[in-house]
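I have placed the structure first, in the form of structure tokens, so that the comments after it can refer back to it.
All of the numbers you see were taken from the coordinates with simple rules; none came from a lab. Because the structure is predicted, anything quoted here is derived from the model rather than measured. All Cβ positions, glycine included, derive from the backbone under ideal geometry; neighbour counts span all protein chains shown.
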Amino acid sequence: MSCRPEENRQIDHRERIGIMCEFRITDLKVEHQREVLGLDIAHPRFSWILKSEQKNTMQTAYQIVVKAGEETVWHSQVCKSSQSIEIEYAGKELKPMTVYLWQVTVWDNHGHCAVAESHWETGRFTELWQSLWVEPLQQPTEKIKQKPIHELMSEEEANHKKEERDYAEFFPAHYIRIPFKVKATAKTARIYATAHGIYQLYINGEPADDRRLAPEMTSYQSLLQYQVYDITDKLLPGENVIGLILSDGWWSGRVGLTGEACQYGSTIGYLLEGRIVYPDGEVEIISGEKGVSATGPICYSDLFVGERYDARLENPDWCKAGYDDTNWQPVIPKDYPTENVKAQYGEPVRPILSFQPTAVLTTPVGETVLDLGQNIAGYVSFTINAPAGLTIKLEHSEVLDENGNFLNNIIGVNKDQTDYYITKEGEQSYQPIFTYHGFRYVKISGWPGTPEKQAFTATVISSEMEDIGTFETSDERINRLQKNIWWSQVANTISIPTDCPQRERVGWTGDIMAFAPTMSFNRNAAAFLTRWLECCRIEQRSDGQIPIVVPYLEAYQNNGESHSSCGWSDAIVAVPWALYQAYGDEQVLRENYQAMLKWMAYVENQAETGKPDGYDTFDEVRKERQKYLWNTGFHFGDWLIPSLVLNNSDGKAMMQTATATMGIVAPAYYAFNTAKMAEIAETLGRTDDASYYRELNKKIRTAFIEEYVHEDGTLDANFQGIYIICLKNGLVTDEQRPKMIAHLRKMIAENNGCLDTGFLSILFLMDVLCENDCADVAYSLLFQEQCPSWLYQVKKGATTMWESWGAITPEDKVSSYSYNHYAFGCVGEWLYRVVGGLQAAAPGYKYIRIAPAVDCGLKSARTTLKTPYGLAGAEWKLENGTVELKVMIPANTTAEVQLPEQAIAVDSSLKIADGCCRIGSGTYQFTYQI
Ligand code: BGC
């Protein structure tokens, strides 16, 4: 086989001038990312996408060559394989801070060949920093112990407190100047930087890039990310200045539910090294220790609380050469560790969208309120022409109250979400950089006259993942639901997967456990969640517990010995599995396998040793069975079951859902997880482990049924969600199953045809109904508009997913729940997979199944997904009983389309047998009557 790079260059060229290209390679990625700058991975994985105009295209062979300059460090040779994702580097040891060029050559089954190239740059690996940590002169932040979570203040108390605060305990951000000289035009110039706190980097007065909130949120004690900046083109001849603004962030700022400061430290600082390489090979190092610091216009900036900016204090040239910094203070070197400092893995947080508010409202009580028309996580910037000294106040909130007045719906300490801007003279613009808010409405005070909406821009920030999934139907309400799910995902993927962007912003493990499959469909979350899983492993306790919140903030560690909960901690099993299914990433299973085993061993031990109430009165048989039932300890249970929390905005009602269901949900989830563990072990070739978990799962199921399920298929814990979890996880005998289904059907009917599911059952709800001859019920739940339901929220004007189904009551009473929680949006995945009919029949969509639910009540649905192999799609239309189905299958994959016997393929050479048509890549059309 031969294929010369020149051929491909020619193809690229022809493509540019518009001639159809037959066969080419796109999306060259290393560790899920394009052209990464700074990767501390010794054996990175390569992937690419094949594009071909020809049907039934499969890769037959590939070859990868990796070079550092002229030196070839890896030549894979020609590998006869269709593998085009997750190919691990197996060459010479990679050197730190080096650019590697990689070239891939691919051959297909039609005799074509293509070549493509890309590059990545390694990080520092174990290279020692040639600078110490430094800190600007500062007053340490005081760690004011806040009330523990369960003693949170009342709504009145919280709002009262907000009014009277003077922000005296907040300190200014620090401005750092690091002047340096360049001798000649640099070949390359990089800055490696991180911080205790958050920082924004500048070079010669310009932002070094548009990333935000670096070094982002990780389990800092073991993993603090550094960022790499390419400043080659930003250097000036002679004198240059690196500038850095430093603020509290997650390090010492007020975070989490309690709003407590100093979760990691009380003083902020940075670690920075600049590295200039000249054409003659000389390397010049710029040390962060050379910095001088001062304060400036940012009087304080807290991630949650907001920012106060006094434009009169600006020094426009603070980051430029020639600025007089004689009054600035030298920074102070610190002997802090660097072992925890590793290159950022995954896409940075960036502004991803900007738009103007839809309206400036005057509320009934006369407030001026911007309406963005969309609930977001981000900030508002503005331009104003004003005299000096005006204080403009921007308060952010997600909702208006029932009368249409501004309402700060988030109760608790340090949930102000308020920015202050003090004007200088003339035309000026402002945008906060170290804070963000969860909001749709902004109350503006202090503005001279009435503001025009054109003066404002709303900016959405998020970890910059690629959007890969789309879903559109003939029903605008369903489309809005899908949009709401996307928006809640974007708002809750700022560095880590969070519960909500205004009240807590922490990595509640249960929320992502339920949502990971949907998240992985909407956007490419591979690197993002892989990084978060590393934090899960870091935070795992020595006894195997995975905490309820990751990174595990100190403020959340107030529950003694117990750090975990069923469903929440199970994220360590469910999230890697979701990534494996979506992206075919087997390494994420391997990487987390030991942590899964440890967690499962903890659970096993809890089940074996835990004695439920009344244990002493049990007979021997029942006592014996308890070994397989995880029915002790605290769990959040089927969190937020609507019938227990609707019309009850009190936080205590939430806890009722835990108390009512924890004893039954934990043993049921024990079954769920052992089954998953058996599958994971099987995938990894751990056959002994697989049979162990299969066996254990059987015993758990038997014990569960004997202990809890009555002959008539009911349980004492008579909740919809419990039946759903049982039906999904084989916690019912064949005889009981029809009775349980009939009972569930009746319960839903008696609940006005509405669901009554919490966090841990909702993810199974629609599948359980469809798999048990109740698809009609699933569809009616989907289109239900009464509370609680997905479309109820849509009907009430939701633009994101709500935490509680009835956060706004049918009577329009507005509660203090969050309006931006993605957990109940996990139906998104069912919509694409079942209504849209696009399914991964093999991990990563190497084998695709198309099986749309054309009888669901919609007239049409169109689903596309950029799979790891390329764009797949299913589009169906139903008109007068005739279904038209168009299917798109990417190169290097195959698929089956499930069809009724009477279906006809437009391409008559296709065979439909046993309700199935097997196809290769390409686009196809089918038609049939229903
Ligand atoms: C969070 C949830 C989380 C839960 C634990 C809430 O305060 O916002 O989403 O999972 O606590 O039950």
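A few notes on this one:
- Relative to the current alpha-carbon distance between Asn880 and Lys334, full extension at 0.36 nm per residue lengthens the span by 189.1 nm.
- Working from label points 7 Å from Cα in the Cα-to-Cβ sense, the Ala842 to Tyr692 distance is 2.9 nm.
- Helix-derived mean residue ellipticity, 222 nm - over the chain, DSSP H n ≥ 4, -39500 (n - 2.57), to 500: -7500 deg cm²/dmol
- Under 20 Å from the Cα of Lys886 - lysines, other chains or at least 8 residues apart: Lys51, Lys55, Lys846, Lys859, Lys866, Lys877, Lys911
- Cut-off 14 Å (backbone N to label point 7 Å along Cα→Cβ of Glu679), residues of region 723-743: 728-730
- Normalising the average separation of contacting C-alpha pairs (under 8 angstrom, six or more residues apart) by the number of residues puts the relative contact order of region 761-899 at 15 percent.
- Under 15 Å, Cβ to Cβ, from Thr57 - net charge with Lys/Arg +1 and Asp/Glu -1: +1
- Counting beta carbons within 10 Å around each of Tyr420, Tyr62, Tyr670 and listing the fewest first gives the order Tyr420, Tyr62, Tyr670.
- Formal net charge of residues neighbouring Trp876 (Cβ-Cβ distance under 10 Å; K, R +1; D, E -1): +2
- Treating r as the C-beta distance of Lys187 and Arg45 and R0 as 41 Å, the FRET efficiency rounds to 0.90.
- Residues with amide H under 5 Å from that of Glu785, placed H, sequence gap 5 or more: none
- Cross-link reach is defined here as a Cα-Cα straight distance under 28 Å, omitting same-chain residues fewer than 8 places apart; for Lys95 the lysines meeting it are Lys29, Lys67, Lys181, Lys183, Lys187, Lys234, Lys290, Lys342.
- Residues of region 164-202 falling in the label zone of Val277, defined by backbone nitrogen less than 15 Å from a point 7 Å along Cα to beta-carbon, are 186-192.
- Spatially proximal aspartates and glutamates relative to Lys80 (Cα-Cα < 14 Å; intrachain offsets below 8 disregarded): Asp108
- In sequence order, calculated HN-Hα J values of region 784-797 (Karplus, 6.51, -1.76, 1.60; Hz; x Gly/Pro): 4, 10, 7, 7, x, 6, 5, 7, 4, 4, 4, 4, 7, x
- The fewest-to-most ranking of Cys319, Cys754 by surrounding Cβ atoms within 10 Å reads Cys754, Cys319.
- Rel. contact order, % - alpha carbon contacts under 8 angstrom, at least six apart, the chain: 10 percent
- Charge dipole (debye, nearest 20) of the chain; +1 at Cβ of Lys and Arg, -1 at Cβ of Asp and Glu: 1300 debye
- Each residue in Met677, Met58 was given a count of other beta-carbon atoms within 10 angstrom of its own, and listing them fewest first yields Met58, Met677.
- Around Glu620: net Lys/Arg minus Asp/Glu count, Cβ-Cβ under 15 Å: 0
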